[in-house]
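Okay, so here's the structure we're looking at.
Every read-out reported here was derived from the displayed coordinates using simple, explicitly stated rules and does not represent laboratory data. Predicted, not measured: the structure shown is a model, and the values here were computed from it. Here the Cβ positions follow ideal geometry from the backbone for every residue, glycine too, while neighbour counts run over all protein chains shown.
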Amino acid sequence: MNKVYFISWIRGSGKNTLISKLTSEYADDFQQALSVKTREPRPTETLGIDYIKYKKFNFLWETQILPLFNIHHFIERNNHFGEYYGTRKQEITKALEDWKNVLKEIEPEGLTKVFNGTQKFPYQGVFLNIPDEVIEHRMLTRNPDECSKNIQLSIQRATMERNVIDSIRKNHGKQFIISIDSTQHPQEVFNNFTHQINYKWAQHHS
């Protein structure tokens with residue numbers, strides 16, 4: 001039976017690399033479900049590929065879109081500094097109806113809402129973890145001028161995210177969260193993931 005894999009991560013853990021490899025090399029088996037967001041795209045993002053954007057503060061938004069964030073059209077939804085983020089059920093169910101496994105990137109706080117809800121489809125959490133020293137190394141590799149304050153803030157956020165994942169494990173069972181060490185080579189991360197979700201499936205596609 002196909003599943004939804006909610007992928008949570010720590011900054012710099014290679015989440016995009018894993019999702020890209022699964023959806024490009026195994027497109028018959030995996031499909032990414034896009035998030036709905038109201039913020040403007042970042043320089044590295046493309047609308048319709050990285051996420052779906054809704055416009056705010058117009059008649060359509062006030063009368064049709066905003067209410068959807070407050071009822072059961074969304075599996076999880078959040079408001080960060082006035083911008084709305086969410087996962088639409090239709091993005092999930094359509095992919096499952098096409099007999100595909102679904103990959104959905106989601107922050108640990110959102111994953112908590114998924115586990116606390118009453119989902120009507122099989123799902124599993126995936127957590128891409130890296131130690132603090134690797135966070136610092138990767139941030140400095142990308143930007144040698146990165147200030148120590150930003151590095152410490154990222155490490156503090158990573159600690160909070162690990163605590164959220166530990167809380168989910170405690171409340172719902174360790175078997176529902178796959179933990180992957182993302183300090184490995186991207187191919188090893190990929191092999192680790194496919195092995196943990198279904199060893200026979202991984203062998204069949206090797």
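Structure notes:
- Segment THR159..ILE197, full-extension length gain: 11.1 nm, with 0.36 nm per residue of separation and the alpha-carbon distance subtracted.
- Extended-chain gain in nm, criterion 0.36 nm per residue less alpha-carbon gap, GLN119 and ASN16: 34.6 nm
- Exposure proxy shown here: for PHE176, PHE6, the number of other Cβ atoms within 10 Å sets the order, fewest to most, as PHE176, PHE6.
- Greater than 24 Å apart at Cα, pairs in LYS37/LYS149; LYS120/LYS170; LYS21/LYS170; LYS37/LYS113; LYS104/LYS149: LYS37/LYS149; LYS21/LYS170; LYS104/LYS149
- When the Cα gyration tensor is reduced to axis lengths a ≥ b ≥ c, the ratio a/c is 1.5 or higher for region 78-168, and with a/b above b/c it is classed as prolate.
- Each residue of region 98-103 is assigned a 3J(HN,Hα), and the resulting list reads 8, 6, 10, 7, 10, 10 Hz, derived from the Karplus form 6.51 cos²θ - 1.76 cosθ + 1.60 (θ = phi - 60°), x at Gly and Pro.
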